[in-house]
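A quick write-up on the structure given underneath.
No lab work stands behind these numbers, since they all come straight from the coordinates. Quick caveat, the model's predicted, so the values are computed rather than measured. Don't worry about glycine lacking a Cβ; one is built from the backbone with ideal geometry, like all the others, and counts go over all protein chains shown.
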Amino acid sequence: MKISLFISGLGNGGAERVFIKLFKYFKKMGHDVELVCATNKGDLAENINLSVNFLGSSFGYSSSFRYYRYLIKRKPDVVIATLSSSIVTAALVKFLSNNGSYKLICRIANVYQKPKSLLSKINLFLQKFAVNISDGLIANSNATLDSVLNVLKIETKNMNSQIIGNPVLEDDFSALNTKKKRNYAKSIKRIVIIGRFVPQKRIDHSIKAFFLVQKKIKNCKLTVIGDGPERKKIKQLIESYQIEDKVELLKFCPDVPKLLSNSNCMICTSKFEGFGNVFIEGLAFCENLISYKSIGGASELLKDTSAILVEDGNINELANSIIDVLQQNFQKNNISINYLKNFTVSKVGEEYLAFIKDVVNDQ
């Protein structure tokens, strides 16, 4: 099949990593696949060795004409779009061009929230329009699909729709984990959090919890992987607590499995996650995982695992759980390899291909 994967840019986020893995897998399976980005933006654009078709627009929403010209030249059998601006752009172009020669599949990557501002209401209206225009819908979790039903108010029974998890792990992840030697200094307890610096991720909660932790455990350090509009706010918070020497901020990590294998504990403070790649990575590579019991991935992916789930938003409970883990008053991660195999590239990639074929063959 001739498949195009359309996304706004290559920021260091979960949706971008999912598309990169799907691109490699589809190509490996012999399909004619292209990864198409509306903009040239994103940390991953400079840190991956892939052939990417960058349309060169300033913003995702302003890429309609360039994307239309791309379609005319490419003539794909199917387009899969993910993230809001790409989904809306792809649907708008399909609607205005009245082009039925290819199928459009919308991949919903996050849980829709009830709109509170005029701008969010407009965005929600556009998302609803886009999903209604599409030929297929992929949601990455039950919570994501529920939000399509309850927030977008779209009935999916009469359309091609399916819940498919994310391709987080390489097929040889278990062997990879065995080879990742845990070489962290025993005298230092290392905590890690991975996430964009946006309100949804509540990175400030991790800083506040760590401030409490380091009062009781002097030999601990926090590594924060991510970037975003709240970076300045996070740095100011660290400075106000005077813990700059104990907190490391990194925009990008080229080897997440190695980072997690060399950490004592991984934490997550998100308000919600459509899926949450970090949950699966944490289970696979880190000895201990602590997360708020929030909507989506945390509640779905971690409920039957040894991960520690604390009350959503309770910074004190989060800090106490981290202290327990670092003091070894805990049960180490003992997750089933068979469970994690559900999120390997080949397993999820095959589910995607089966769904794509169903959509393409549905006349």
Most mobile listed residue (Ser120, Ser134, Ser86) in the chain, GNM with C-alpha springs under 10 Å: Ser120
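Between rounded, prolate and oblate, where does segment 89-174 land on the alpha carbon gyration tensor, with a ≥ b ≥ c its root eigenvalues, rounded for a/c under 1.5, else prolate if a/b exceeds b/c? Don't skip to the answer; put the middle values down first.
On the way: a/c = 1.90, a/b = 1.24, b/c = 1.53.
In terms of gyration-tensor shape, oblate.
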Under Karplus coefficients 6.51, -1.76 and 1.60, residue-wise ³J(HN,Hα) of segment 187-193 in Hz, glycine/proline x: 6, 10, 9, 10, 10, 9, 9
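Find, among the trypsin sites (Lys or Arg not before Pro) in segment 257-363, those assigned to loop by DSSP (not H, G, I, E, B) with at most 14 other beta-carbon atoms within 10 angstrom. Write down the numbers at each step before the final one.
Values: sites: Lys258, Lys271, Lys293, Lys303, Lys332, Lys341, Lys347, Lys357; in loops: Lys271, Lys293, Lys303, Lys332.
When the trypsin sites (Lys or Arg not before Pro) of segment 257-363 are filtered for loop state and at most 14 Cβ neighbours within 10 Å, Lys303, Lys332 remain.
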Contour excess over end-to-end distance, with Cα ends at Asn158 and Asp245 and 0.36 nm allotted per residue: 25.7 nm
Cut-off under 5 Å, modelled amide H: who pairs with Ser294 long-range: Ser299
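Taking only the Cα atoms of segment 252-363, how large is their convex hull per residue, in Å³?
Values: hull volume 14.9 nm³, N = 112.
It is 133 Å³ per residue.
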Most mobile of Asp245, Asp227, Asp324 in a GNM of the chain (Cα contacts under 10 Å): Asp245
Whole-number percent relative contact order across the chain, with pairs defined as alpha carbons under 8 Å at least 6 apart: 16 percent
More than 25 angstrom apart: percent of Cα pairs within segment 1-154: 25 percent
Choice from Asn314, Asn140, Asn264 showing the highest fluctuation, given a GNM over the chain with Cα pairs closer than 10 Å: Asn314
FRET efficiency, Ile188 to Phe129 (Cβ-Cβ, R0 45 Å, nearest 0.05): 0.30
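When the expected Rg is taken as 2.2 N^0.38 Å, what fraction or multiple of it is the alpha-carbon Rg of the chain?
This ratio for the chain stands at 1.01.
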